[in-house]
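The values are calculated or read from the model by the stated rules, or taken from the named source; none is laboratory data. Please read all numbers here as calculations on a predicted model, not as lab measurements. Using ideal geometry, Cβ is built from the backbone for each residue, glycine included, and neighbour counts are taken over all protein chains shown. Just the protein is used for accessible areas: all its heavy atoms, side chains included, with ligands, DNA and RNA removed. Shrake-Rupley method; radii C 1.70, N 1.55, O 1.52, S 1.80 Å.
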Amino acid sequence: MFAIKSSRPLRAYLGAYLGAFLGAFVWGCFATAETATAAAPAPQTVDSVAVEESADFVARDARVSFDKRSADFARLDLEELSPGDYGRSTAIVALGASGSVRGRSYLLDETALDHLSYERAAAAYALGELGERGLDGASMDRLIALADDPDPLVRTAALVGLVRTGSQAARQTVARIAGSADETAPEARQILAHHADPRGSEAPKSYRRLYELRWGAGRTYGVVDGKVWGATLMKELAQNKIFLEAVTLQLTRELDFPGAKDHMLEILLEGEGTPRIVESIQLMPLEVEMLIDSGVWVPQDLKEWRWVVVTVLNNELHSVFPRTLLKSMALENSPTRWIAAGLLYREDKQFKEILDEGFRHPDPNYRAYSLYAAAAVELEDYLERMKQMCDDPDPWVKASAIGALIRMGSQIGAEKAIDLLAIPYEDRPPQVASFLFEILERFAPDQNVMRFVETIAPNLDGADRAAADSLLLIHGALIGSDALRHELPLISPIMPEAHRGVRGLARISHGDDVKLLARMFPRESAYKMNAELAVALARAGHRAPEPLLQAAVWTLPLNQSVLAAGCVRATYGEATLLDWVTDPPPTATESDIMRLGYAIGEWGGLPAVQDLQRRLGTTSGAELPALRGAILGALGARTR
């Protein structure tokens, strides 16, 4: 068994958990009346960039607010969440920020030494958020005592909490520490300075943690700009037709219900955008190969050709697409040329020359694609080149070479991967480990890859363990999801690891897994993550993404709308569609209603028409657009 243990420091976990801390942190001396007697260190130049970043934190913080309902919702979640669960820290801060005096005893309990460090710190912040009026003598004494806590994270959180109470006695406690020789004295001085001039000074780490927690708490339990944040994000997503189509097509492919291919075919022929190509190839590969070979449909430009060939490569469908690959090999200045040469490789001078060209190409993406293609068809002649490229200066090429060797069953590839993952996170070459797991996922479920990941997974921790578990769960391994559930919320939603993590949890869809995915949805500025979450939750029958599918049904073009209705029927049942069509939104036109009726008839047949008639209380249909559409849909489906 390989012995690997990532030495990710606790501070890295906390930094990820409590929020991204932007900018460089300049530790300086901020003299105050209370610290005048202390020996002052030499002043440092103020970092104007850090001050501007801090001002952005302050401006964002001013957008959030809380009320009694915030405390009620936070208490409900705290009753349900276990220590260490995603969201507990923000719920704790929401309890204090809402001014809940009833929650004071709970916050005191959360500061106990046997509780998790970052949750104790959150409780210290929350006590400060209650303010001087919200604290009684015992709770103020506890907060002051926490300023001398052995845990530096809790200690600095308490210092921030003390200055935010508005109490003079509390401020004097912070001033005493700022003027002492304590290791937190520099941070205490910055806390005092930033509290006195929030927009004109740099916020220290501890203050930024509070800003991040308050932002998270505001989005979940309070309001942002006077509106419920989740509802605002959902509204934005529901108005994004590109996003709605991407979710609809991905969900269609994963559900693969009868009749879906007909509409997907029309979308491929008449539509635009990458998702239709990626999902069509995965849903109906034989049909797409026939279309391209016959010329009935061909990619419009090099970008579309690239997506066709890369999707074939990623899904190892080269045996289904020989003619398409031959056509793409003739394209100049496109990675399709080298991918196709690798996937179609024969003992032929032409193929070898083209693939050799790809391995030597100055563009690292082309070198990586050539590696990937050669490994996908296990070209033993290129093993030595793959070993050499493990030292490529580009991280994507380096990761691709290591992953390719693992795919080929090379012990050298396994050893290089193990050496890489043994390096502490903060000391690793940027992105290589992330890219490695991405390339391993593309090669999975190859036996060599799965065996390697199964071997190393128990010895990994943190984000590495989450990445390994995601890959194993996606491909049906019978393992627990506890580690992935803990780590997934700590991963940036724009990272591929987060997207794989969602797919991993969605693969098993246990109650706790679905509950976590629902709590994470939607995410801000995370298009791909929100699409993965929406698809995962819909497949699990969770109602969180229902408004998005409803928007897709009412606003997308005919084929996409009908597919969206099919997804709704497959996940939430026909009754949901009947509810919508009998109570349409005010903006729905007669054509919109007839289109949904058509979808109900197509997917449900004549029994669905009868159900709709009962809902509408009529047996005729000519005068009612919903029923007229349903009859046409049912009759059309019978001729398929």
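Just a few scattered comments:
- Separation of region 302-339 from region 561-640 is 40 Å, based on Cα centroids.
- Counting all C-alpha pairs of region 513-640, share separated by more than 26 Å (%): 25
- 3J(HN,Hα) from dihedral phi, region 234-242, Karplus parametrisation 6.51/-1.76/1.60, rounded to Hz, x for glycine, proline: 4, 4, 5, 5, 5, 8, 9, 5, 5
- Out-of-range pairs (alpha-carbon distance over 29 Å; input K241/K261; K327/K528; K205/K241; K303/K416; K261/K515; K398/K515): K327/K528; K205/K241; K303/K416; K261/K515; K398/K515
- Accessible carbon and sulfur surface of the chain relative to its total accessible area, %, 1.4 Å: 52
- Cα lying deepest toward the dipole's positive end in region 272-427, options I412, V278, S400, charges on Cβ: V278
- Accessible area in square angstrom per residue, the chain, 1.4 angstrom probe: 42
- With the convex hull constructed from alpha-carbon coordinates only, region 126-179 shows a mean projected area of 3.2 nm² over all directions.
- Point-charge dipole on Cβ atoms (K/R +1, D/E -1) for the chain, about Cα centre, debye to 20: 860
- Rounded, prolate or oblate (a/c below 1.5 giving rounded, otherwise prolate when a/b exceeds b/c) for the chain by Cα gyration tensor: oblate
- Region 573-637 - Kirkwood radius from inverse mean 1/r over Cα pairs (Å): 11.0
- Cα gyration tensor, region 321-377 - rounded (a/c under 1.5), prolate or oblate: rounded
- For the pair E236 and E183, label points projected 7 Å from Cα toward Cβ lie 4.0 nm apart.
- Size descriptors for region 107-226 (Cα atoms only): Rg and Dmax, in that order, 13.5, 44 Å.
- As a length-normalised measure over Cα pairs under 8 Å and 6 or more apart, the relative contact order of region 113-242 settles at 18 percent.
- Each Lys and Arg contributes +1 and each Asp and Glu -1, all at the Cβ; summed about the Cα centre of region 573-637, the dipole is approximately 120 debye.
- Anisotropy class of region 380-459 from Cα gyration tensor, a/c 1.5 cut: oblate
- Value of [θ]222 nm, deg cm²/dmol, for the chain, DSSP H segments ≥ 4, -39500 (n - 2.57) each, nearest 500: -20500 deg cm²/dmol
- A straight chain from R428 to D461 at 0.36 nm per residue would run longer than the Cα-Cα distance by 10.4 nm.
- Kirkwood Rh (inverse of mean 1/r, distinct Cα pairs), region 156-305, angstrom: 20.6
- With all pairs of different C-alpha atoms in the average, the Kirkwood value for the hydrodynamic radius of region 471-540 is 11.7 Å.
- Part-to-part distance (alpha-carbon centres) for region 410-471 and region 484-519, which is given in Å: 18
- Here is the list for region 447-549: trypsin sites (Lys or Arg not before Pro) lying in DSSP coil, each with at most 14 other C-beta atoms within 10 angstrom of its C-beta, are R543.
- Charge tally in the Cβ shell below 10 Å around G413, where Lys, Arg are +1 and Asp, Glu are -1, G413 excluded: +2
- Between helix 168-178 and the chain there is an angle of about 80 degrees, using the helix long axis and the longest principal axis of the Cα atoms.
- Short-range pairs are left out: with C-alpha atoms under 8 Å and at least six residues apart, the relative contact order of the chain is 12 percent.
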